[in-house]
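Everything on this sheet refers to the single structure shown next.
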Amino acid sequence: MFTVIDQLPEPVKQKLESSWAHTFYHDYFCRLDKTIFSGLYSTKQSRPNTPVNILVGCETLKSGFGLSDERLYNQFLFDLQFRYAFKAA
């Protein structure tokens, strides 16, 4: 399946790949150890949770950029660099 990033012109894609979002994804997001948070989750059948690496990553970017919760949520939904920073999301 194609993503918005796949549809970008090559020069724009290269600029995105040289941005903070690429560094964040590879050097931080991919290295978050989700297993240390396993005690926070129930073993009973329930509705799906938001993956903890996304929550921790969002809190990190919120703090780093000085964002409010609402601004962070909007960035996560609509900003291409934020979406790239959470490629697996």
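Considering the stretch 39-87 alone, what residues qualify as being in contact (Cβ under 8 Å) with a residue 12 or more places away in the chain and hydrophobic (A, V, I, L, M, F, W, C)?
Leu40, Val52, Ile54, Val56, Cys58, Leu61, Leu72, Phe76, Leu80, Phe82, Ala85, Phe86
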Margin query: Can you confirm whether Phe86 is of a type in the set (Phe, Trp, Tyr), closer than 24 Å to Lys15 by Cα and loosely packed, with under 11 Cβ neighbours inside 10 Å?
Written below: no
Check: Only one residue in Val52, Val56 is among the aliphatic types (A, V, I, L, M), within 28 Å of Lys15 (Cβ to Cβ) and surrounded by 15 or more Cβ atoms within 10 Å (Cβ to Cβ), so which one is that?
Finding: Val56
Check: Out of the residues in the stretch 26-65 that are of a type in the set (Val, Ile, Thr) and not in a helix (DSSP H, G or I), which is nearest to Phe86 (Cα to Cα)?
Finding: Thr50
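Here is a yes/no grid of residues against (1) hydrophobic (A, V, I, L, M, F, W, C); (2) at pLDDT below 95; (3) over 12 Å from the mean Cα position of the chain (by Cα):
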residue	(1), (2), (3)
Asp33	no, yes, yes
Asn53	no, yes, no
Cys58	yes, no, no
Glu70	no, no, yes
Lys87	no, yes, no
Notebook entry, point to check: In this structure, is Thr23 more than 23 Å from Tyr84 (Cβ to Cβ) and either out of contact with any Ser or Thr (no Cβ under 8 Å at 6 or more places or on another chain) or not in a helix (DSSP H, G or I) (or both)?
Noted result: no
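The values are calculated or read from the model by the stated rules, or taken from the named source; none is laboratory data. These figures come from a predicted structure and were not determined experimentally. Reconstructed Cβ throughout: ideal geometry from the backbone, glycine too, with neighbour counts over all protein chains shown.
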